[in-house]
Amino acid sequence: MVLLQLLVIIVLTRACGEGAVRLGQPSTIGEILAGVLLAGSAAAFGKDVPFLVEVLEGEVFHHAATAGIFFLMLLAGIELKPREILAHSGASFFVALGGVLVPLGTGIALGYMFLPPASDRFALALLIGVAMSITAIPASARILSDLGLMHSAVGRTIVAAALFDDVIGLVLIAVLTAIIKTGGAPALGEIAWLLGKVGVFFVVTSILGVHVYPRVSRGLHTLQATALELSVLMAVAFAYALVAEWLGMHWILGVFMAALFFEPERVGLRAYEGMKLVIGGVTAGLFAPVFFASIGAQIDIFALLLEPVFVLVIILAGFLTKLAGAGVPALISGLSPRDSAAVGVGMSARGAVELVVLSIAVEAGLVAAGPAHGGATHHVYSALVLMALVTTLAVPSVLGRILGAPPVQEELIEK
C-alpha cells in the first residue's frame, strides 16, 4: 500500500508539473494544482474510494513533503555561495525588515477589523500578522531555480532576505507561542536569549564550514572514498538541523547552512559538481514536486465561499504588503524599479513555513484546521492557508512577467 501511495503521488505531481511546462508555466504551478486536485478528489470521492483519503492523510505524503523541504534547502545552499549572500546582506536585511513589519502590522490591523471582540482576539490578530510576514526559503529557492534567477541580483537578494526573514520570524513565533500559552508576551530577556542562540548557531556553523568541512573533504579524496561525500554532506545537514532545533530554531536553517559552505573552492570542483548533480536530480525529479503538492492539498474552498470578503482581503493584503514592504527597501538600496518589484513579488512565496506557524496555533487550540462553518474567526486557518497557496502560486508567473524571464522549468541536473 505504501508503494502504491508513492506511485500515485509521484505520477500525479510529475504529470501536472510537466503539463504546466507544456502550457508555458513553471512546473511549480502544476505541482501545487496537483495537491488541489488530490484534495478535491478525496473530498468528492473519498467515501467510494477511501484510498484517496489514505494518500492525502497518510504519513507517506507528509514525510515525502518534509523530505522535499530538506532537499530544497540543501540544493539552495549548494547553489548559492557565502560571498554572494554577504555581498547583498546589507540591502537584504532592510528588505527583510520591511517585508516583515509591513505585513505584520497590516495583519494585526485586519484581525481587529474582521474578528469580533473576544479574549483571544489579539492572539488571532497576531497569528494573521505573523503568517503574513513569513517568506519561505524552500518555495522561493525552487521558483528562482525554475526561472534561472538564483544567481541574479534579484535572486541573491531574495534568498538572503528570506534568511533574515526567518530569523525575525523565530522571534515572532516565540512571542506568539508565549501569548497563546500564557496570555502575555515573553520577557525581553527571553527574546535576547533566543537571539543570542541564533547568533551562536550562525557563527559556529560558519566556522565549521570554513575550516573543518574542507579538511574532511580533502581526507576523503586522499582515501579515494568519493562515494562517502554524499553521506558526509547528508550527515552534516542532519546534524546542523538537529542543532538548530535544539537551539529553538527551525531545522531548515541548519540544512541550508550545512550546504552553504559546500563550495568548489573548499571541497573541489569534482565533488561539488557531483553533489549538485545528485541533489538537483533528487530534488527536481522526486521530492520538490511532492512538497508543492502538499501546499495545494491544504486548500479549503469552503472558506472562500462562506467568508469571501475576509479571505480575499487576506490574500490581497498578503501579496501587496510584501510587494511594498520588501520592494521599497530594495528600491532605496539601489535596485532598479523593475528589480525592486521582482524582489517584493519573490518575497511573497510562503509555502510550508507558514503552515509550520499555523500548526503551532492548531496544537495550542487557538484555531482549528479543516472545513469550518461560522464567522471569520472560524476561518482564520483556512484563509491563511489559501493566502499561502495563492501567493506562492502567483509568484512564478508574476516574477517571470516582471523580469521577462521565460517561465519554464530549468533542468537542475544539467546546471
* Probe 1.4 Å, protein heavy atoms only - accessible area per residue of region 291-349 in square angstrom -> 38
* Asked: residue 235 to residue 207: extension gain in nm, 0.36 nm per residue of separation minus the Cα-Cα distance?
  -> 8.4 nm
* Asked: In units of 2.2 N^0.38 Å, what is the alpha-carbon radius of gyration of region 240-350?
  -> 1.46
* Asked: Between residue 324 and residue 401, what is the label-to-label distance in nm when each label sits 7 Å out along the Cα-to-Cβ direction?
  -> 2.1
* To do: Based on the mean of other Cβ atoms within 10 Å per residue, sort peptides 308-321, 155-168, 90-103 so the most packed one is first.
  => 155-168, 90-103, 308-321
* **Virtual spin-label span in nm between residue 59 and residue 109, 7 Å along Cα→Cβ** => 4.6
* Between residue 51 and residue 23, how many nm apart are label points set 7 Å from Cα along the C-beta direction? -> 2.6
* region 1-57: C-alpha pair distances exceeding 18 Å, % -> 35
* Asked: How long is the gain from residue 44 to residue 15 if the chain were fully straight, where each residue apart is worth 0.36 nm and the alpha carbon distance is subtracted?
  -> 8.3 nm
* To do: Give the calculated FRET efficiency between residue 7 and residue 192 to the nearest 0.05, with a Förster radius of 51 Å applied to their Cβ-Cβ distance.
  => 0.55
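The values are calculated or read from the model by the stated rules, or taken from the named source; none is laboratory data. Bear in mind the structure is a predicted one, so any value in this text is a computation, not a measurement. Every residue, glycine as well, gets a Cβ built from its backbone with ideal geometry; the counts of neighbours run over all protein chains shown. In case anyone asks, the SASA skips ligands and DNA or RNA and just uses the protein heavy atoms, side chains included. Shrake-Rupley method; radii C 1.70, N 1.55, O 1.52, S 1.80 Å.
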